[in-house]
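Here the structure is laid out as structure tokens; the discussion comes afterwards.
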Amino acid sequence: MPVNLTPNAIAAINGGDVNSKPLVQVLDIKLIGSTQERYRLLISDSAASQHAMLATQLNDRVKTGAVKKGSVVQLIDYICSTVQNRKIIVVLNMETILLDCEIIGNPKMFTESESTAQKPMPNANLGNPMRVNNFSTPNSGNYSTPTSNSGAFRAPNSSTFNTSNSGTFGGQNPSTFNTSNSGTYRAPNPSTFKAPNVGNDGQSFRPTVQPPYQPPPNYRNHGPILKNEAAARIIPIAALNPYQGRWAIKARVTAKGDLRRYNNARGDGKVFSFDLLDSDGGEIRVTCFNAVVDRFYDTIEVGKVYLISKGSLKPARKDFNHLKNEWEIFLETTSTVDLCPEEDGSIPRQQFSFRPISDIENAENNSIFDVIGIVMSVNPSVPIMRKNGMETQRRILNLKDKSGRSIEVTLWGEFCNKEGQKLQEMVDVGIFPVLAVKAGKVNDFSGKSIGTISSSQLFINPEFPEAHDLQEWFDRGGKNASVSISREFTAGVF
DNA sequence: CCCCCCCC
């Protein structure tokens, strides 16, 4: 991951700076000290390097592997002092931003002569002029077009798409739409399509590490701020780990699970989870229990962007969590969740990895798929009594794609009354809408079908290139030919 | 700390 170390940081610290919280890289770590165990680091700002003593309370960071050779760290509390006529940096507190990183730049050992010539350290981490951000388009919350829409969708302006190898930018450029080879692409925010085509010049990528999180104005200036409560830097979700002290992430909610109550040997309680995606494509599940549910459940809305900090990281249980992250965040009462009211076009609404329906034929039971197809028929919602005695809604529809296969899609719960209802109304008047299913779960009861789970999302007539291709295929005759891979062909109105 | 994702 690309990182910009703070330019001139070493010289600035030698010149007395104690406030800049620079990003530096750890080039080396040595255990020293005779009476007390102590670590000496060699730190670099990519141009200059210098030795630094680690405060002993941070020894565990080295021992647990939370910081190692190559790590990019943010110095939080530090001071340059002279020991035996040599200047040395003492690191009192720091955060690991990236655990592993190639050596950045070609740092040379810092010398005093440079210190006299030191320039003020630019506050490079407090803002990035390259950053393309903050489209003012309101947050629409979903891609769905209104029911009254004829089913036609507006093809996005092709000039805002980058169908070549845009991997260099990692999808960070909000105007970039990476549809290269893997079949994975990141659905841009709708506002992206209306944005001017800026930043494709190769100059506009921004470092992965983002500016420090500033608390909302109404929480500022409420008495003195303790030094260790200074704003945590926003880091990529992909860089989160349990050994990190303070962190903040800025991410969009891509899915929100229902509030569930449980009763087990440990007692009873309530729980809900939601899924996050950030501008670097990192994803992670967040879970809240009991009092924390009360605190955050109503705040969290799908499609909105939040600044989140002070949660704890636990290993993700892969059997219950399909997100690409080995960790899961548990929020606590001290955690903060702050809505970012301004739309951030750099964070996609979803990342898709569409697979042809024909692939599901041989897919493992319970595997998770993203599919996109044309809705051929929609059955009415029916109440289903669950084995635990709770009633829920079920609605089955039939989805067909260019692979020439169709499949039953089972909507559960609220999906029946929201998207399901809308889809039924469209099909009832002869419109065959495009439906994208994010994170559907494969079921193999008598043939294959796919069902919604709490992480699922449905998009009706989305403005994706795939949707456009599908519609064309459909109009050219795809409408009339397909083979179902589900147990019964849901004979519909076509 | 949950862990349900449902039905035939």
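Laid out as a table, the results:
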| quantity | calculated |
| --- | --- |
| Charge sum, other residues only, whose C-beta stays under 15 Å from A:TYR39's C-beta, Lys/Arg counted +1 and Asp/Glu -1 | +4 |
| Label-point separation in nm, A:GLU361 to A:LEU259, each point 7 Å along Cα→Cβ | 4.6 |
| Gained length - A:PHE445 relative to A:ASN388, 0.36 nm times residue gap less alpha-carbon distance | 18.5 nm |
| Solvent accessible area, Å² - A:LEU98, 1.4 Å probe, full protein context | 10 |
| Prolate/oblate/rounded call for region A:10-61, Cα gyration tensor, a/c under 1.5 rounded | prolate |
| Sites A:ALA291 and A:ASP475 - FRET efficiency at Förster radius 45 Å, r taken between beta-carbons, to 0.05 | 0.25 |
| Heavy atoms of A:LYS68: accessible area, 1.4 Å probe, square angstrom to 10 | 80 |
| Region A:352-494: radius of gyration and largest Cα-Cα distance (Dmax), Å | 14.0, 47 |
| Efficiency of FRET between A:ASP77 and A:GLU37 - r from beta-carbon atoms, R0 25 angstrom, step 0.05 | 0.80 |
| Cα-centre dipole for region A:1-62 with unit charges at Cβ (Lys and Arg positive, Asp and Glu negative), debye to 20 | 80 |
| Over region A:257-330, relative contact order from alpha-carbon pairs under 8 Å, at least 6 apart, % | 28 |
| Protein accessible area in region A:248-302, 1.4 Å probe - carbon and sulfur % | 40 |
| Ordering of A:423-429, A:396-402 by burial proxy (mean other Cβ atoms within 10 Å per residue, highest first) | A:396-402, A:423-429 |
| Neighbourhood charge, 12 Å Cβ-Cβ cut-off, centred on A:PRO383 and excluding it, Lys, Arg +1 and Asp, Glu -1 | +2 |
| ³J(HN,Hα), Karplus 6.51/-1.76/1.60, whole Hz, each residue of region A:378-389, x for Gly, Pro | 9, 8, x, 5, 10, x, 10, 8, 6, 4, 8, x |
| A:TYR39 long-range amide H proximity, modeled H, under 5 Å | A:ILE32, A:LEU54 |
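The values are calculated or read from the model by the stated rules, or taken from the named source; none is laboratory data. None of these values were measured; they are calculated from a predicted model. All Cβ positions, glycine included, derive from the backbone under ideal geometry; neighbour counts span all protein chains shown. Note: accessible area is taken over every heavy atom of the protein model, side chains too, but ligands, DNA and RNA are not part of it. Shrake-Rupley method; radii C 1.70, N 1.55, O 1.52, S 1.80 Å.
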